[in-house]
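Note sheet for the following structure.
The values are calculated or read from the model by the stated rules, or taken from the named source; none is laboratory data. What you see is a predicted model; the values in this text were computed from it and never measured. For neighbour counting, all protein chains shown are included, and Cβ atoms are generated from backbone atoms with ideal geometry for every residue, glycine included. With ligands, DNA and RNA removed, areas are computed over all heavy atoms of the protein, side chains included. Shrake-Rupley method; radii C 1.70, N 1.55, O 1.52, S 1.80 Å.
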Amino acid sequence: VQLQASGGGLVQAGGSLRLSCLTSGRTWTRHSMGWFRQAPGKEREFVAGISGDDGATFYDDSVKGRFTISRVKAKNTMYLEMNSLEPEDTAIYYCAVSRWISGTLNPEEYDYWGQGTKVTVSS
């Protein structure tokens, strides 16, 4: 089982990035997935999630209205569209697959994780 996150980089405040997460090794179409991030010196935090059945999405308040999570099951890929980026969004972003069909914010309920992709937002 592998999750490969990509799309990170350096961007100015107000800019945009799109992260991708490609899954392989197993079909995860029925599982919910999510994005988390970890800034230097801070704990990993939930960013956005998408349920495995109806595709319902949910976000942390800090990114609501700026970030959009989506997935294309036929491509085994999940995305995170990030707009109006702020320096506070600087972190390593991780994608993950949960053990449940319905979405969850709890990182302990995610069993498989990608390696992370670094996002740096300059002011």
(request) Scan the stretch 80-96 for residues that are buried (at least 19 other Cβ atoms within 10 Å of the Cβ) and out of contact with any Ser or Thr (no Cβ under 7 Å at 6 or more places or on another chain) and jot them down. (result) LEU80, ASP89, ALA91, TYR94, CYS95, ALA96
(request) Note down all Cβ pairs under 6 Å where the first residue falls in the stretch 73-88 and is more than 22 Å from GLN38 (Cβ to Cβ) and charged (D, E, K, R), the second is at pLDDT below 95 and open to solvent by 60 Å² or more (accessible area, probe 1.4 Å), and they're at least six residues apart or on different chains. (result) none
(request) Would you mind stating whether PHE67 is at pLDDT 95 or above and over 17 Å from THR117 (Cα atoms)? (result) no
(message) Quick check on my filter: what residues within the stretch 1-28 are under 17 Å from the mean Cα position of the chain (by Cα), in a loop (DSSP other than H, G, I, E, B) and either among the hydrophobic types (A, V, I, L, M, F, W, C) or loosely packed, with under 13 Cβ neighbours inside 10 Å (or both)?
(response) SER16, TRP28
(message) Let me confirm something: among THR77, THR68, which residue is among the hydroxyl-bearing types (Ser, Thr, Tyr) and open to solvent by less than 30 Å² (accessible area, probe 1.4 Å)?
(response) THR77
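Look through the stretch 29-42, keep the residues that are closer than 17 Å to ARG71 by Cα and more than 15 Å from the chain's Cα centre (by Cα), and return whichever of them is most open to solvent (accessible area, probe 1.4 Å).
Here the residue is ARG30.
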(request) Output yes when any residue across the stretch 43-59 is closer than 26 Å to VAL121 by Cα, open to solvent by 50 Å² or more (accessible area, probe 1.4 Å) and part of a loop (DSSP other than H, G, I, E, B), and no when none is. (result) yes
(message) Looking only at the stretch 22-63, filter to residues that are free of Cβ contacts under 8 Å to residues at least 60 places away in the same chain and aliphatic (A, V, I, L, M); which one of those is farthest from GLY8 (Cα to Cα)?
(response) ALA56
